[in-house]
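Worksheet: one structure, shown below.
The values are calculated or read from the model by the stated rules, or taken from the named source; none is laboratory data. What you are looking at is a predicted structure, and each value in this text was computed from that prediction instead of being measured. We place every Cβ from the backbone using ideal geometry, glycine too, and count neighbours over all the protein chains shown. Just the protein is used for accessible areas: all its heavy atoms, side chains included, with ligands, DNA and RNA removed. Shrake-Rupley method; radii C 1.70, N 1.55, O 1.52, S 1.80 Å.
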Amino acid sequence: MDVMRAANAREHARGDVIHLEVGQPSTAAPAGVLAAAERALRTDKLGYTDSFGIPPLRRRIAQHYRAWYGIDVPESRVMATMGSSGAFLLAFTAAFDAGDRVALVEPGYPCYKNILSALGIEAVPLPGSAATRFQPTVELLEKYGGRLDGLIVASPSNPTGTMLAPDELAALAAYCRARGIRLVSDEIYHGITYGGVAQATAAAIDPGVIVINSFSKYFSMTGWRLGWMLVPEDLLRPMECLAQNFFISPPAISQHAALAAFECRDELEANVARYARNRAHLLAELPKAGFDRLAPSDGAFYIYAEIGHLTNDSQDFCRRMLDETGIATTPGVDFDRGRGSTTLRISFAGAEAEMVEATRRLMAWRR
Ligand SMILES: Cc1ncc(COP(=O)(O)O)c(C=O)c1O
């Protein structure tokens, strides 16, 4: 947020900022979604909906699991939520109690930890590294976990973009199941992958896993605030009560519009193809500017760079980069309080021309 504020101030003053700090698609929702929203405005009352979401959307999401992963998920377990953020709040509240201990890998998406701590739940950090592709492993759980009540995984991950291979996800799920540890699988970047690692949903492994996804990233609908969750049978009633009290329902217009999102594959795949070209450009060019210690970036639209040879203060480094080149990036401290002082995250969700200009400026800066 600090970087964004500084970037926006410079943009206002000089109009030359390249936004590699953003965590969202640079595109609007697909045309079919916009048309469905217009239709809903004209034809629907857009009142509260069922707290689990409108039945056609729940049915369509269940179909999506059949189409993408070849698995049957009962519609009754599909819950539409206020973005995946709303789903985290519901899931953590329903599945854990104050004082519980929930493991997550660092670097990771900071809101998991912040929501857990707001609920009085202890976040137990697992030190991810290049050796584990910045993902949790059974060995890390054994070494750093202690007595655990939960584990959160994200594949592809924010900030690293790294993924868990299907057998690695299955090993973590088996470990959790055997010990009564509730697994929460954040699959919000599914659909944005580059072929190196197969995309696996935890829903195919164990119906006791809380699977969380969203229309924000692949479907390019961040501001519509709509996500979904696959709720294990034993949590259906608690989730319903909590959702009713926290939110009443997710936004009606977004639900009607999102129904059309699944039919917009061509537009959405064109976005992914652009991300892939941006990624290839950055992976080829960043090392020439001295950024040569890069996480694998299997998916999402991020590259996580180790910059310990350039600085020991990533916040200062990002500030200087913004001041001297107009390029905004995110310092690693957002994702890893300890070791993030020597890392930064680069987002390639923007336009191809911006990536080309960014590497040109970086090379000139580092020369
Ligand atoms: C890993 C991850 N999970 C969840 C979210 C929250 O997304 P939303 O609430 O828009 O679904 C983000 C947003 O950047 C994210 O990176």
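Nearest 20 debye, what's the magnitude of the dipole of the chain about its Cα centre given +1 on Lys and Arg Cβ and -1 on Asp and Glu Cβ? If you can, show how the numbers build up before the last one.
Numbers: 37 positive and 41 negative charges, 73 e Å.
Once rounded to the nearest 20, the dipole reads 360 debye.
Can you quote the Å³ per residue value for the convex hull of the Cα atoms in segment 183-301, rounded to an integer? The partial results should precede the final answer.
Details: hull volume 16.8 nm³, N = 119.
Considering the Cα atoms of segment 183-301, their hull volume per residue is 141 Å³.
Could you state the angle between the C-alpha long axis of helix 236-246 and the longest principal axis of the C-alpha atoms of the chain, as a value from 0 to 90 degrees rounded to the nearest 10?
With both axes taken from Cα atoms, the answer is about 60 degrees.
Measure nothing but the geometry: give the 0 to 90° angle between the long axis through the Cα atoms of 83-95 and the longest principal axis through the Cα atoms of the chain, rounded to 10°.
For 83-95 against the chain, the angle is about 60 degrees.
Taking R0 as 45 Å, what's the FRET efficiency between residue 5 and residue 35 from their Cβ-Cβ distance, rounded to 0.05? It would help to have the intermediate numbers written out before the result.
Details: r = 35 Å, r/R0 = 0.78.
E between residue 5 and residue 35, to the nearest 0.05, is 0.80.
Using the crude model of +1 on Lys and Arg Cβ and -1 on Asp and Glu Cβ, and no other charge, please compute the dipole size for segment 1-75 relative to its Cα centre, in debye to 20. Kindly include the intermediate steps, with their values, before the conclusion.
Numbers: 10 positive and 9 negative charges, 50 e Å.
That gives segment 1-75 a dipole magnitude of about 240 debye.
Name the residue farthest towards the positive end of the dipole of the chain from the options 297, 1, 67, assuming +1 on Cβ of Lys and Arg, -1 on Cβ of Asp and Glu, about the Cα centre.
Result: 1.
Residues in segment 333-363 near a label at residue 309, defined as backbone nitrogen under 16 Å from the 7 Å Cα→Cβ point?
Zone members listed by number: 342-344, 363.
Just want the answer: with Cβ charges of +1 for Lys and Arg and -1 for Asp and Glu, which residue in 12, 88, 47 is farthest toward the dipole's positive end in segment 2-106?
Positive-end residue among those listed: 47.
Just the C-alpha atoms of segment 97-190: what Rg/Rh do they give, with Rh taken as the Kirkwood radius? Present the calculation step by step, with values, prior to reporting the outcome.
Working: Rg = 12.1 Å, Rh = 13.1 Å.
Using Cα coordinates only, the ratio equals 0.93.
Express the relative contact order of the chain as a whole percentage, based on alpha carbon pairs under 8 Å and six or more residues apart in sequence.
On the way: 714 pairs, mean separation 90.8, N = 367.
Computed value for the chain: 25 percent relative contact order.
In debye, nearest 20: dipole of segment 293-338 around its Cα centre with unit charges on the Cβ of K, R (+) and D, E (-)?
On the way: 4 positive and 8 negative charges, 4 e Å.
Around 20 debye, computed over segment 293-338.
How much space per residue, in cubic angstrom, does the convex hull of the C-alpha atoms of segment 229-284 take up?
Working: hull volume 8.3 nm³, N = 56.
Enclosed volume per residue, from the Cα hull, is 148 Å³.
With a 1.4 Å probe and every protein chain left in place, work out the accessible area per residue of the chain in Å², rounded to a whole number. The partial results should precede the final answer.
Values: 14940 Å² over 367 residues.
I get 41 Å² per residue for the chain.
Select from segment 94-161 those trypsin sites (Lys or Arg not before Pro) which occupy a DSSP coil region and have at most 11 other Cβ atoms within 10 Å, ordered by residue number. Could the numbers behind the result be given before it?
Numbers: sites: 101, 113, 133, 143, 147; in loops: 133, 147.
Of the trypsin sites (Lys or Arg not before Pro), the ones in loops of segment 94-161 whose Cβ has at most 11 other Cβ atoms within 10 Å are 147.
How large is the Kirkwood hydrodynamic radius of segment 19-86, in angstrom, based on all distinct alpha carbon pairs? Don't skip to the end; give the middle numbers.
On the way: mean 1/r = 0.0689 Å⁻¹.
It works out to 14.5 Å.
Taking only DSSP H segments of four or more residues, each worth -39500 (n - 2.57), what value at 222 nm results for the chain once the sum is divided by all its residues, to the nearest 500 deg cm²/dmol?
On the way: 12 runs with 150 residues, N = 367.
Roughly -13000 deg cm²/dmol at 222 nm, from the helical runs in the chain.
Above 32 Å lies some portion of the pair distances; for the chain, what is it as a whole percent of all C-alpha pairs? Before the final figure, lay out the partial values.
Values: 21621 of 67161 pairs.
Taking all Cα-Cα pairs of the chain, the fraction more than 32 Å apart is 32 percent.
To the nearest 10 square angstrom, what accessible area does residue 115 show with a 1.4 Å probe?
40
Round to the nearest 10 and give me the degree value, 0 to 90, for the angle of helix 2-14's Cα axis relative to the longest principal axis of the chain.
Once rounded, one gets 60 degrees.
Determine the percent antiparallel among the DSSP beta bridges restricted to the chain, to the nearest 5. Don't jump to the answer; show the numbers that get you there.
Working: 17 of 36 bridges.
The antiparallel fraction comes to roughly 45 percent.
Express in Å², to the nearest 10, the accessible area of residue 313 obtained by rolling a 1.4 Å probe over the protein heavy atoms while all chains stay in place.
Residue 313 has an accessible surface of roughly 70 Å² with all protein chains in place.
Which whole-angstrom value gives the distance between the alpha carbon centres of segment 82-101 and segment 38-71?
Cα centroid of segment 82-101 versus Cα centroid of segment 38-71: 23 Å apart.
Evaluate the distance, in nm, between pseudo-label points positioned 7 Å from the Cα of residue 356 and of residue 167 along their respective Cα→Cβ axes.
With each label point 7 Å from Cα toward Cβ, the separation is 4.2 nm.
What is the extension gain from residue 118 to residue 337, computed as 0.36 nm multiplied by their sequence separation minus the C-alpha to C-alpha distance, in nm to one decimal? Please report the intermediate quantities before stating the final value.
Values: separation 219, 0.36 × 219 = 78.84 nm, distance 1.76 nm.
Full extension from residue 118 to residue 337 adds 77.1 nm.
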